[in-house]
Amino acid sequence: MSDRQPLSPEDKLTEAKRQLSLPRIVVICGSTRFMTEMAEAELRETVAGRIVVKPGCDMKSPHALWSDPVESEALKARLDDLHRAKIRLADEVLVVGDYIGDSTRAEITYARSLSKPVRFTHPEVDPAA
């Protein structure tokens, strides 16, 4: 009989990433007004040897996929859930931009509740600073 506790889902994910020899995974967070800066951060993180995940669309820019207001609200909720999943997948969070809105603040709080390290391109906007 083993005295070992079963692994938590987070520990299982960490162990699987270790066994696969995956590089560090960074999730980019921030206001979609910083999509250009996010692309630059993605480039820099990738060149540094990290896997990068980031927001995949900017709902503030017009697009047929979110032109219907009712469908747009449902899509926003699904995208928020998807981004929280990206945070769970990641080893660390990089917050891009010199502004922190409510959504980004919630993502930072969520990441920290999971004990994920959080870096900032503009450390002065860290809500914990």
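The values are calculated or read from the model by the stated rules, or taken from the named source; none is laboratory data. Everything quoted here is computed from the prediction, not taken from an experiment. Virtual Cβ from ideal backbone geometry, glycine too; neighbours counted across all protein chains shown. With ligands, DNA and RNA removed, areas are computed over all heavy atoms of the protein, side chains included. Shrake-Rupley method; radii C 1.70, N 1.55, O 1.52, S 1.80 Å.
Structure notes:
- Angle between the chain longest axis and helix 35-47 axis [Cα atoms, degrees, rounded to 10]: 30 degrees
- Estimated FRET transfer efficiency (Asp80, Gln19; beta-carbon r; R0 41 Å; 0.05): 0.85
- Using a simple spin-label model with pseudo-atoms 7 Å out from Cα toward Cβ, Leu7 and Asp102 lie 3.9 nm apart.
- Counting only alpha carbon atoms, the long axis of helix 9-19 and the longest principal axis of the chain meet at about 80°.
- Surface exposure of the stretch 38-129, expressed per residue as accessible area with a 1.4 Å probe, stands at 60 Å².
- A dipole drawn for the stretch 1-107 from +1 and -1 charges on Cβ atoms has a positive end, and of Leu7, Ile100, Ile51 the residue lying farthest that way is Leu7.
- Computed E for Glu40/Asp126 - FRET, C-beta separation, R0 25 angstrom, nearest 0.05: 0.80
- For the chain, the Kirkwood estimate of hydrodynamic radius, built from reciprocal distances between every pair of different alpha carbons, is 16.0 Å.
- Centre-to-centre, using Cα atoms only, the stretch 43-79 and the stretch 84-112 are separated by 14 Å.
- For the pair Ser72 and Ser113, the difference between a 0.36 nm per residue extended length and the Cα-Cα distance amounts to 11.9 nm.
- For the chain, carbon and sulfur atoms together expose 56% of the accessible surface, with a 1.4 angstrom probe and every protein chain in place.
- Heavy-atom accessible surface of Tyr99, to the nearest 10 Å², is about 90 Å², with a 1.4 Å probe and all protein chains retained.
- Stretched out straight at 0.36 nm per residue, the stretch from Glu92 to Cys57 would grow longer than its current Cα-Cα span by 10.5 nm.
- Helix 102-113 axis, angle to the chain major axis (alpha carbon atoms, nearest 10°): 0 degrees
- Highest average packing first - 21-34, 113-126, 3-16, 78-91, Cβ atoms within 10 Å: 21-34, 78-91, 113-126, 3-16
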